[in-house]
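No value in this document is a laboratory result; all are computed from the given coordinates. In this text the structure is predicted, and so the values were computed from the model without any measurement. Neighbour counts are summed over all protein chains in view; Cβ atoms, including those assigned to glycine, are modelled from backbone coordinates with ideal geometry.
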Amino acid sequence: MRTAKIAITLDKNLLSELDRMVLKKKFANRSQAIQIAVQDKIDRLKKRRLSEECSMLDMTAEQTLSEEGMFLEKEQWSQY
């Protein structure tokens, strides 16, 4: 994976906690910890967006669409 170097500013308490986790070998280094945290946050936001979009669906309309043609006789189905 290609990487890029960036500079960030962190709260001192947050940085201290991050350093403690690195010392406890939870992460190999600061960069790895931050990269994992950012990726996790992005993944969660993507899932939340999908959930929000799904919550806007009209379930009655979706049910109607899913059942469309279910009760037709075999001969009435269109040819593919």
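The C-alpha atoms of the chain define a longest principal axis, and helix 12-23 lies at about 90 degrees to it. Given their separation in residues at 0.36 nm each and the Cα-Cα distance between them, Met56 and Lys5 gain 14.4 nm when the chain is fully extended.
Could you give P(r) for the chain, binned at 10 Å from zero, as whole percent values over all Cα-Cα pairs? Histogram of Cα-Cα distances, whole percents per bin: 13, 24, 18, 14, 12, 11, 7, 0. What angle do you read, to the nearest 10 degrees and between 0 and 90, between the alpha-carbon axis of helix 30-55 and the longest principal axis of the chain? So the helix axis and the longest Cα principal axis differ by about 20 degrees. Largest GNM mean-square fluctuation across Leu18, Leu65, Leu57, computed for the chain with C-alpha springs under 10 Å, falls on Leu65. Between Arg48 and Gln35, the simple spin-label model (points 7 angstrom out along Cα→Cβ) gives 2.5 nm.
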